[in-house]
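The values are calculated or read from the model by the stated rules, or taken from the named source; none is laboratory data. All values derive from a computational prediction rather than experimental measurement. Every residue, glycine as well, gets a Cβ built from its backbone with ideal geometry; the counts of neighbours run over all protein chains shown. These area figures cover heavy atoms from the full protein model, side chains too; ligands, DNA and RNA do not enter into them. Shrake-Rupley method; radii C 1.70, N 1.55, O 1.52, S 1.80 Å.
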Amino acid sequence: MAIELNKPALEHARALVRDGKVVRDERDAWSEAAPTPDEENAFIEDKGWTQYAHWHLGVDKSENRETKGAYSFPFGDFRRVHRSGVISGESRAGQYGHDEIRDALRALLELIDKS
């Protein structure tokens, strides 16, 4: 499994933060805020895989791009970036040695906290 930074998703997240589309919640809130599998399926059905990918900072290019298994490190609810999702992802990326993703999430958190 070779998870890489999904650069289009990072640009999407930055744009959302610049536009004020952020929920400034605390770390523990992500378990409640994260989209459910049914919400993910509905989003994919409505918007497609490319838009789904834009909500995940990790992509495994060895996986089929039209499966959820190709995407990791979600950061929002398909409408807004959640500070809790960014914090959760940063911690998890660090745990598993995904340094580029961890650093991108840390920078995104700094952007959220500055805005």
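Details
- Residue selected from the range 58-75 under the condition part of a strand (DSSP E or B) and either on the phi < 0 side of the Ramachandran plot or at pLDDT below 95 (or both), by the criterion surrounded by the fewest Cβ atoms within 10 Å (Cβ to Cβ): Asp60
- The residues of the range 1-57 that are of a type in the set (A, V, I, L, M) and open to solvent by 80 Å² or more (accessible area, probe 1.4 Å) amount to a single one, Met1.
- The set of residues in the range 19-33 that are over 11 Å from Arg80 (Cα atoms) and either in contact with a Gly (Cβ under 8 Å, 6 or more places away or on another chain) or modelled with pLDDT of 95 or more (or both) contains only Trp30.
- Filtered residues of the range 28-58 (kept if among the hydrophobic types (A, V, I, L, M, F, W, C) and out of contact with any strand residue (DSSP E or B) (no Cβ under 8 Å at 6 or more places or on another chain)): Ala42, Phe43, Ile44, Trp49
- Every test in (1) closer than 15 Å to Val17 by Cβ; (2) surrounded by 13 or more Cβ atoms within 10 Å (Cβ to Cβ) is passed by Asp113 save one, and that test is (2).
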